[in-house]
Each structure stands twice: as structure tokens, then as C-alpha cells.
Protein chains: 2
Amino acid sequence: MAVHFRPATQDDLETLVLMLQDDALGSQREDGTLPLNANYLQAFDAIQADPNNQLMVAEIQDRVVGMLQLTFIPYLTHIGSWRCLIEGVRIHTDYRGQGLGEQMFQYAIGQAQEKGCQLVQLTSDKQRPDALRFYEKLGFVATHEGFKLRLLSPA
Amino acid sequence: MAVHFRPATQDDLETLVLMLQDDALGSQREDGTLPLNANYLQAFDAIQADPNNQLMVAEIQDRVVGMLQLTFIPYLTHIGSWRCLIEGVRIHTDYRGQGLGEQMFQYAIGQAQEKGCQLVQLTSDKQRPDALRFYEKLGFVATHEGFKLRLLSPA
């Protein structure tokens with residue numbers, strides 16, 4: 001299964017939003033109506049405008065089958081180090097359980113190494129036991145609690 | 001205790017590195033020798049150059065007594081939303097247990113709201129039980145596992 005990675009373009013956006021929605025948690029919080037909610041376009045533009053954010057897609061035979069977002073963050077800690085934060089990892093339902101996730105993470109980790117990152121980090125919902133096992137298998141260690149605080153929408 | 005918040009400047013850097021080092025975990029991984037390890041200066045410059053990163057200090061009577069870093073990240077998920085990631089929170093040993101942490105988080109959450117963030121997130125080392133309780137008291141919920149993967153230094 002030859003996988004090709006490239007930055008997402010605006011033409012991918014509908015496909016990506018549908019992939020985000022086709023998920024137990026995503027179905028409760030995304031908006032898959034067309035034309036797309038303008039918030040998605042604004043977010044896409046903001047990601048594109050930030051050189052430390054990369055929204056990547058994985059393609060198999062010209063079909064977008066996976067996505068992930070990398071954020072590169074400079075910190076003073078660890079003697080001034082860059083970290084790579086991975087978020088929004090999704091694989092199309094037709095392509096799960098076939099090793100695509102491992103390839104996507106190999107790619108992401110390679111990108112982090114090229115950027116000189118010392119650490120890759122991510123948080124994974126405790127309601128996703130399969131994902132937790134997947135990350136442990138890749139060598140990630142759950143040394144931290146992942147805390148979230150939801151803010152009220154601005155008035 | 002009147003606390004003043006402002007962006008860190010290069011003149012704060014020695015104070016900040018010493019504060020990072022004056023900590024059970026930080027003492028094992030930071031370099032407090034002077035003149036400062038050049039990596040700290042490079043990291044500081046990288047933070048300053050990124051409009052989505054803010055390294056903030058808390059001052060009491062013109063003395064730097066606390067620090068934290070905010071990273072604002074645009075995502076497609078949650079119908080295209082911004083998140084605020086908080087990292088590198090430290091309080092000078094002389095000023096702990098006096099409510100400064102709460103004030104620093106009120107400030108950070110205010111900054112996140114101003115930026116239109118829907119979510120504030122952070123990871124906290126499971127070896128810091130006091131910190132875990134502190135975040136829970138502030139309303140953060142540990143819905144996620146915080147996974148880290150350390151990369152080998154680039155050759």
C-alpha cells in the first residue's frame with residue numbers, strides 16, 4: 001500500500017471535514033453540512049498562515065485516506081527545545097487496521113526530527129482504548145495527564 | 001498581592017532559566033550555568049518570532065515571580081476552533097502557596113478567551129500530584145492521556 005503525504009489544500013477541505021465527522025466523538029461535534037460551515041475555511045486559512053502548523057493528508061492512489069496536524073513549538077524548557085504536537089489524526093473507515101496509522105506516525109516523527117524536535121507529544125481521549133494501545137505500541141509513554149478546560153463561546 | 005503580567009524580555013532570561021531549574025524535575029534537565037547556554041537564547045528568539053506563542057512573566061513589586069507560555073493553535077476540529085496550550089508554568093519558591101497560581105491561570109484563561117479559543121489544554125506530569133489537584137480545582141478535566149515520545153538528538 002503506497003502512501004503519499006502532502007500538505008492539505010483547500011480542495012481537500014470537504015473530504016477532511018467528512019472524515020472528522022465519521023467518528024464516534026466527531027459525529028457529536030462536527031458539522032458535515034454542505035456548503036461547509038465558514039468556520040472550517042477560516043480555521044484552514046489560519047493553519048496555512050502559520051509556518052509552525054502543518055495540516056497533512058495521506059493519499060493512497062490519489063484518494064485522501066488520512067489526515068493529521070503537526071504543530072512545532074519552541075520552548076525554553078529542556079535547555080531550549082522544540083516539540084512537535086500531533087493532533088487531529090484520522091483515518092478513513094475503509095482504511096483502518098491496515099497499518100496506515102503506523103506509516104502516518106513514521107512520517108510525523110520524521111517531520112519532527114527534521115525540525116530538530118526533541119519530543120513528540122499528543123493527548124488521546126481516555127474513551128478511545130484502541131488509540132491508547134496504538135500509541136503505546138509506537139513507543140509513546142503516558143507520563144502526563146491531559147487536562148482540558150472548555151471555555152464559553154465569546155458573546 | 002498585586003500581580004502584573006507582561007511578555008518576557010531577553011533581560012528576564014537568566015531569571016527564567018533559574019526558575020525552571022529550581023524544581024524537582026527541572027533540576028535534572030536544565031542548565032543553570034552562566035553565561036546561559038546559547039540554546040536558551042535561540043529558543044527565546046524563536047518564541048518571540050512566533051505570533052502564536054507568548055512567553056509571559058508575572059511580577060510582584062518589579063520582581064519576576066512566575067512564568068508561563070501560551071501557544072494559540074488553529075484546528076479544523078470542533079467546527080474550526082482555536083485552542084490555547086499552556087506549558088512551562090513555574091512559580092518562584094518564595095511565592096508558592098499564596099494564590100499566585102490561580103491568578104496566573106485567570107490571566108492565561110483571559111488571554112485564551114480574548115483570542116477566541118474554545119478550549120484551554122495542558123498536560124501535567126503524573127509525578128506532580130499537587131499540580132494535578134491544582135488543575136482539577138481550576139475546573140480542568142483529565143479526559144485525556146498525555147503521551148510523550150522522546151526523540152534521539154539529531155546527529
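Scanning chain B for the beta carbon that comes closest to the axis linking it by rotation to A yields B:GLY146, 2, distance in whole angstrom. Which shape class, rounded, prolate or oblate, goes with region B:39-97 when its Cα gyration tensor gives a ≥ b ≥ c as root eigenvalues, a/c under 1.5 marks rounded, and past that a/b bigger than b/c marks prolate? Since a/c reaches 1.5 but b/c is at least a/b, the shape of region B:39-97 is classed as oblate. Between A:LEU151 and B:LYS115, the simple label model (points 7 Å from Cα in the Cβ direction) yields a spacing of 0.8 nm. What FRET efficiency would be calculated for the residue pair B:SER27, A:ARG133, taking the C-beta separation as r and a Förster radius of 25 Å, to the nearest 0.05? Taking R0 as 25 Å, the efficiency between B:SER27 and A:ARG133 is 0.15.
Of all the options A:LEU34, A:LEU68, A:LEU100, the one that moves most in a Gaussian network model of chain A with Cα springs shorter than 10 angstrom is A:LEU34. Neighbouring Cβ atoms from other chains, within 10 Å of the Cβ of residues in B:112-122, number 4 on average. The alpha-carbon of B:LYS126 sits under 24 angstrom from the alpha-carbons of these lysines, leaving out residues fewer than 8 places away in its chain: A:LYS126, A:LYS137, A:LYS148, B:LYS137, B:LYS148. Among beta bridges identified by DSSP and lying wholly in region B:1-153, the antiparallel ones come to about 85 percent.
Across the identical copies, the label point of A:ARG29 (7 Å from Cα in the Cβ direction) is separated from its matches by 2.6 nm, in order from shortest. Region A:58-81 to region B:1-74: how many Å between their Cα centroids? Region A:58-81 and region B:1-74 have Cα centres separated by 25 Å.
The orientation-averaged projected area of the convex hull spanned by the Cα atoms of the protein assembly as shown comes to 16.7 nm². GNM on chain A, alpha-carbon springs under 10 angstrom: the most fluctuating residue among A:ASP94, A:ASP23, A:ASP45 is A:ASP94. Over the residues of the protein assembly as shown, the helix contribution to mean residue ellipticity at 222 nm works out to -9500 deg cm²/dmol, using -39500 (n - 2.57) for each DSSP H run of at least 4.
Counting only other chain Cβ atoms within 10 Å of each residue's Cβ, the peptide A:50-61 averages 2. Relative to the Cα centre, the charge distribution of chain B, modelled as +1 at Lys and Arg Cβ and -1 at Asp and Glu Cβ, gives a dipole magnitude of about 540 debye.
The simple spin-label model puts a point 7 Å past each Cα toward its Cβ; for A:ASP125 and B:THR93 those points are separated by 4.3 nm.
Placing a label point 7 Å from the Cα of A:GLU136 along the Cα-to-Cβ direction, the distances to the matching points in the other copies come to 2.2 nm, shortest first.
With unit charges on the beta carbons (Lys and Arg positive, Asp and Glu negative) and the dipole taken about the Cα centre of the protein assembly as shown, which residue among A:HIS78, A:GLY99, A:GLN113 sits farthest to the positive side? Highest projection toward the positive end goes to A:GLY99. Sorting A:GLU114, A:GLU59, A:GLU145 by the number of Cβ atoms found within 10 Å of their own Cβ, with the fewest placed first, yields A:GLU114, A:GLU59, A:GLU145. Classify chain A from the C-alpha gyration tensor, please: rounded if a/c falls under 1.5, else prolate or oblate depending on whether a/b exceeds b/c. It is rounded, given that a/c, with a ≥ b ≥ c, falls under 1.5.
Only Cα pairs under 8 Å and 6+ residues apart enter the sum, and on that basis the relative contact order of chain B stands at 18 percent. Each copy carries a label point for B:LEU151 at 7 Å from Cα along the beta-carbon vector; from one copy to the others these points are 2.9 nm apart, nearest first.
Read the figures in this text as sums done on the coordinates, not as results from a lab. None of these values were measured; they are calculated from a predicted model. Every residue, glycine as well, gets a Cβ built from its backbone with ideal geometry; the counts of neighbours run over all protein chains shown.
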